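To keep things clear, I will list the structure first and then write my remarks on it.
The values are calculated or read from the model by the stated rules, or taken from the named source; none is laboratory data. These figures come from a predicted structure and were not determined experimentally. So basically every Cβ, Gly included, is an ideal-geometry build from the backbone, and we count neighbours across all protein chains shown. Surface areas here come from the heavy atoms of the whole protein model, side chains and all, with no ligands, DNA or RNA. Shrake-Rupley method; radii C 1.70, N 1.55, O 1.52, S 1.80 Å.
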Amino acid sequence: MSENQVIIFDTTLRDGEQSPGASMTREEKLRIARALEKMRVDVIEAGFAMASPGDFESVKNIAGHIKDSVICSLARALDADIDRAAEALKPANSARIHTFIATSPIHMQYKLRMTPEQVIDQAVYAVKRARNHVEDVEFSCEDAGRSELDFLCRIIEAAINAGAKTINIPDTVGYAIPHQFSETISQLLNRIPNADKAVFSVHCHNDLGLAVANSIAAVASGARQVECTINGLGERAGNASLEEIVMAIKTRHDLLNVDTKVDTTQIVPTSRLVSSITGFSVQPNKAIVGANAFAHEAGIHQDGVLKHRETYEIMRAEDVGWNANKMVLGKHSGRNAFRARLVELGIEFESDAELAVAFGKFKELADKKHEVYDEDLQALVSDTQHSELVENYRLVSLEAYSKTGETPIAHVTLEIDGSEQTASEQGDGPVDAIFKAIEKMARSNANLQLYSVNAITGGTDSQGEVTVRLERDGRIVNGSGADTDIVIASAKAYINALNLITSDAYRAHPQAADV
């Protein structure tokens with residue numbers, strides 16, 4: 001690796017999934033992993049194998065399918081965690097075990113109840129055990145942002161001597177300030193005798209809105225790996241955004257003098273995929289991937305951009321995937337064109353039967369709207385994969401009535417465990433009435449936490465994509481539905497969420513570790 005290359009370590013599938021409500025199925029995780037591989041992300045942290053059987057299977061599944069990126073599993077500095085991670089990573093072309101232990105005084109005293117010497121011994125033991133399984137071991141000092149510098153130097157030196165090839169300095173609680181974090185990285189690189197034997201990494205949280213700034217400051221001081229997520233997804237206020245890190249490095253190469261291997265044209269498509277699967281919408285003014293990121297409202301700005309783009313734009317929209325790869329399909333498009341476009345989007349089906357189902361849905365959609373865009377295809381595939389779940393609930397028909405001055409009413413027929421049931425309910429609006437009618441039959445006792453509607457593309461014939469988040473007994477799921485009729489999309493989303501919350505295939509939200 002060149003000393004001027006920054007390794008991009010994506011943890012969307014692990015730390016990003018720890019956002020409340022962001023749990024993903026195994027198939028959804030693989031779709032995101034394929035998109036990350038296409039983007040040429042160096043390392044994909046596929047999950048925390050010890051967290052649950054579902055996480056183990058997801059890591060193993062990704063390790064078996066992804067060939068061009070290093071596949072990583074998180075593990076506490078414990079025998080069972082490390083061995084479980086190694087087992088899940090066996091199919092991988094290139095595997096990494098990422099083990100960690102807390103190093104701040106507050107964590108060592110109150111969480112671990114261990115002395116500093118015991119923590120060092122445990123770290124060394126964990127790194128050596130991981131090295132017995134794989135060559136590539138990463139060691140993280142949890143809560144490094146609040147750890148004592150002298151102690152960090154001691155434990156990192158010992159971890160490198162034990163065989164760690166990457167040393168991660170996480171700002172676990174988002175406490176760091178850029179100039180201070182930069183100085184910490186410089187001190188560690190200068191004071192640790194064997195620092196040249198490992199790649200130094202950073203993993204910054206966004207509690208003060210400084211995750212990207214802290215990460216870039218660390219890179220300027222010599223860090224050569226950044227841990228980040230698509231759209232900044234993650235616990236609490238989230239993680240450093242991959243798209244912002246990568247484009248800051250590319251745009252300010254003059255100052256930073258480093259590069260990444262990332263194919264930036266895949267940023268926007270991957271952002272939209274993650275947003276669609278998790279149900280976390282991207283705010284319009286979000287840097288790089290927000291709908292307004294390259295929009296100009298002010299007349300002076302518009303005039304300047306028309307005369308010379310660089311007057312008000314420091315990046316080209318095309319470079320991050322806006323208005324790129326826009327092959328438009330329609331009702332006359334054939335199966336081969338449909339399949340080819342999905343492959344370009346990183347979507348493949350396990351069988352011809354699955355492809356046939358998706359192609360049938362595509363034809364139905366093409367009859368409703370004249371042009372089918374990439375965003376429509378992403379939503380269509382999500383809808384197809386949802387149909388592969390065991391469907392305890394299936395929408396047969398619905399009729400919703402809404403008129404000014406009258407109370408909206410909905411009549412809904414569901415197939416529940418093979419038999420049809422019908423219910424009618426009034427509500428504050430047609431969607432509220434539909435949800436009440438569905439719940440009257442389902443009796444799920446689930447709590448509606450989120451109802452979100454987004455237009456997938458522009459135009460009055462755009463599909464509406466609806467996300468419904470349900471919670472029951474501490475379990476949180478996201479259901480989604482897409483249709484050119486937003487009322488039908490809403491019913492689909494609620495029913496999808498019901499099927500997920502009653503399915504063993506959809507695991508509980510992990511909340512297992514935060515490095």
Legend entry - Protection-proxy order for peptides 158-169, 249-260, each taking the mean of Cβ atoms within 10 Å per residue, highest first: 158-169, 249-260
Legend entry - Helical contribution to [θ] at 222 nm, DSSP H n ≥ 4, -39,500 (n - 2.57), averaged over the chain, rounded to 500: -12000 deg cm²/dmol
Inset, instruction - Positive end of the charge dipole of the chain (Lys, Arg +1 and Asp, Glu -1 on Cβ, about the Cα centre): tell me which of 173, 359, 488 has its Cα farthest that way. - result: 173
Legend entry - Between the range 279-294 and the range 230-274, the alpha-carbon center distance in angstrom: 13 Å
Legend entry - Rounded to the nearest 20 debye, dipole of the range 1-65 from Cβ charges on Lys, Arg, Asp, Glu: 240 debye
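What is the magnitude of the charge dipole of the chain about its Cα centre, with +1 placed on the Cβ of each Lys and Arg, -1 on the Cβ of each Asp and Glu, and no other charges, expressed in debye to the nearest 20? List each step's numbers first, then the result.
Values: 52 positive and 74 negative charges, 103 e Å.
The calculated dipole for the chain is roughly 500 debye.
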Inset, instruction - Filter the cross-link list 29/111; 403/436; 67/128 down to pairs whose alpha-carbon distance in this structure exceeds 28 Å. - result: 29/111
Legend entry - Cβ-defined net charge surrounding residue 241, 13 Å radius [Lys, Arg +1; Asp, Glu -1]: -4
Legend entry - Overall dimensions of the chain by Cα: Rg and Dmax, Å: 24.2, 77
Legend entry - Cα convex hull of the range 14-61, projected area averaged across orientations, nm²: 3.3 nm²
Inset, instruction - Add +1 for every Lys or Arg and -1 for every Asp or Glu among the other residues with Cβ under 13 Å from the Cβ of residue 427, and state the total. - result: -3
Legend entry - Paramagnetic reach from residue 187 (point 7 Å along Cα→Cβ, amide N under 20 Å) across the range 130-147: 140-147
Legend entry - Simple Cβ-charge dipole of the range 1-119, Lys/Arg +1 and Asp/Glu -1, about Cα centre, in debye nearest 20: 160 debye
Legend entry - Approximate spin-label separation residue 161-residue 404, in nm, with each point projected 7 Å along Cα-to-Cβ: 8.1 nm
Legend entry - Peptide ranges 425-438, 216-229 listed from the most packed, as the mean C-beta count within 10 angstrom indicates: 216-229, 425-438
Inset, instruction - May I ask you to derive the FRET efficiency for residue 364 and residue 337 from their Cβ-Cβ distance with R0 = 22 Å, giving the value to the nearest 0.05? - result: 0.85
Legend entry - Projected label distance in nm at residue 281 and residue 236, using a 7 Å step from Cα toward the beta-carbon: 2.6 nm
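Over the chain, what relative contact order in percent results from Cα pairs under 8 Å that are six or more residues apart? Spell out each step's value before the answer.
Numbers: 1073 pairs, mean separation 66.8, N = 515.
Answer for the chain is 13 percent.
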Legend entry - Overall Cα dimensions of the range 176-297 - principal axes, largest extent first, Å: 49, 31, 27
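Report the rotationally averaged projected area of the range 1-159 based on its alpha-carbon convex hull, in square nanometres.
Result: a mean projected hull area of 9.8 nm².
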Inset, instruction - For residue 265, put the label point 7 Å out on the Cα→Cβ axis and report which residues of the range 1-27 keep their amide N under 20 Å from it. - result: none
Legend entry - Relative contact order of the range 42-119, defined on C-alpha pairs under 8 angstrom at six or more residues apart (%): 28 percent
Inset, instruction - Work out how far the C-alpha atoms of the range 131-228 reach from end to end along every principal axis, then list the three figures in whole Å, largest first. - result: 39, 26, 21
Inset, instruction - Heavy atoms only, probe 1.4 angstrom, no DNA, RNA or ligands counted: give me 65, 107 ranked by accessible area, highest first. - result: 65, 107
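Taking the Cβ-Cβ separation of residue 314 and residue 419 as r and a Förster radius of 60 Å, what is the calculated FRET efficiency to the nearest 0.05?
E(calc), rounded to 0.05, equals 0.50.
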Legend entry - Inter-label distance, nm, simple model (7 Å from Cα along the C-beta direction), residue 411/residue 52: 4.0 nm
Legend entry - Compactness of the range 100-187 as Cα Rg over 2.2 N^0.38 Å, two decimals: 1.05
Inset, instruction - State the percentage of accessible surface on the chain attributable to carbon and sulfur atoms; use a 1.4 Å probe and exclude ligands, DNA and RNA. - result: 48 percent
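With an 8 Å Cα cut-off and a minimum separation of 6 or more residues, compute the relative contact order for the range 48-90 in percent.
Relative contact order, the range 48-90: 50 percent.
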Legend entry - Cα shape, the range 231-274, gyration tensor, a/c 1.5 rule: oblate
